[in-house]
Amino acid sequence: MPTGAFETDGVEATWALAARVAASLKSGDVVCLEGDLGAGKTTFVQGLAAALGAGGRVASPTFCIVREHRCADGLLFVHMDLYRLGDEDDVLAIGWEDYLERGAIIAVEWPERAGSLVPPGAVHISFKHLDGESRRLITI
C-alpha cells in the first residue's frame, strides 16, 4: 500500500495512484475517502474499480447511496456515498454489515457518517484541491 502525500494532475495520474492502492486490497477491505465535494473521490473510485476489473460505468452514488460492481474475478466492489445519511443506524439500514460479511471491498465517501462501524484496519485517504482545476493532494 502506498503511503504518504501524492500530488496528482488529472484523471490519468489519479487513476494510476488508485491502481497502486487497488493492488494491495483484498476481500473485506474498507477504503474511506475523505474530502470536500468535487475533490476527486469519485474519480479515484473509478480508478480503483478499473484496476480491480469491475465492469460497467462507475458513477457517483450520491442519490442512490450504494452502487455494486462485480469484478472479473467474482469479487464484489461496493461504492457508497453516505453524504445524505445521518448516522450509524442509517448506514446499517443500507446493508453495511451484509457487504462486509460477503467480503466486498467497500469504497466509502463521507465515512464519518458510519462512525464506529468503520473497521480499525480501514484505509483512510484524504483529498484536497490544489490550485488549478485538476490538481489534487491525495494523502494515504
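Just so it is clear, none of the values below were taken in a lab; they were calculated from the coordinates. The model shown is predicted, which means the values in this text are computed figures rather than measured ones. So basically every Cβ, Gly included, is an ideal-geometry build from the backbone, and we count neighbours across all protein chains shown.
Brief remarks follow.
- Summarised as an ellipsoid, the stretch 99-140 has semi-axes of 27, 11, 9 Å, derived from the eigenvalues of the Cα gyration tensor scaled by 5 and square-rooted, with the largest first.
- When peptides 81-92, 36-47 are ranked by their average number of other Cβ atoms within 10 Å per residue, the highest-first order is 36-47, 81-92.
- Here the alpha carbons of the stretch 64-126 define both size measures, Rg and Dmax, at 11.3, 34 Å.
- Only helical runs count toward this figure. For the chain, summing -39,500 (n - 2.57) over DSSP H runs of n ≥ 4 and dividing by all residues gives -7500 deg cm²/dmol at 222 nm.
- Intensity falloff of the chain expressed as log10 I(q)/I(0), Debye formula with alpha-carbon point scatterers, at q = 0.16, 0.21, 0.22 Å⁻¹: -0.77, -1.36, -1.49
- Three semi-axes of the equivalent ellipsoid, the stretch 9-48, Cα gyration tensor, whole Å, largest first: 18, 14, 6
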